[in-house]
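Notes follow the structure.
Each reported figure results from applying straightforward, stated rules to the coordinates on display, with no laboratory input. Note that the coordinates shown come from a computational prediction; the quantities given were computed from them, not determined experimentally. All Cβ positions, even for glycine, are placed from backbone atoms using ideal geometry, and neighbour counts span all protein chains on display.
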Amino acid sequence: MQNKIIKSIFGFDYYTPTQEVYDKTNILEINKLKILEQVKFTYNVKNNNLKSNTKLSQVSDCHKYSIRSKQHLRTGFYKTARSQNNPVQNTTIIYKTIPQEITNLKNIRKMCHNLQVFLRK
């Protein structure tokens, strides 16, 4: 549905390939918009820009020795499978997949811009 609407708004032919439409209009797909918003949420919680009951800690805070994944975030431990699949846990998992050069930026606007460029690749 989104593809048909974008094609009609920008005047593309019905048979134009969808990827070509996204490339020419600089619009992110719905799945990528979802990733962008999830990463922004986790970034704001991590940097205390957003009040939340969620406590995010870095793996390096738990270990006194050097490990490869020291920059990775983690949430608290959950006892049930239902609580392990909560949205905050899922956004934290997605946040870990984004390169650290993007997530370690101090300015949220720069982070969002670089993330959009990364998602368009």
For this session: Using per-residue counts of other Cβ atoms within 10 Å, averaged over each peptide, order 5-16, 95-106 from highest down.
Result: 95-106, 5-16
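Going down the list Lys24/Lys51; Lys32/Lys106; Lys4/Lys121, which pairs span over 28 Å between their C-alpha atoms? Let's see the in-between values first.
Working: Lys24/Lys51 38 Å; Lys32/Lys106 22 Å; Lys4/Lys121 22 Å.
Over 28 Å Cα-Cα: Lys24/Lys51.
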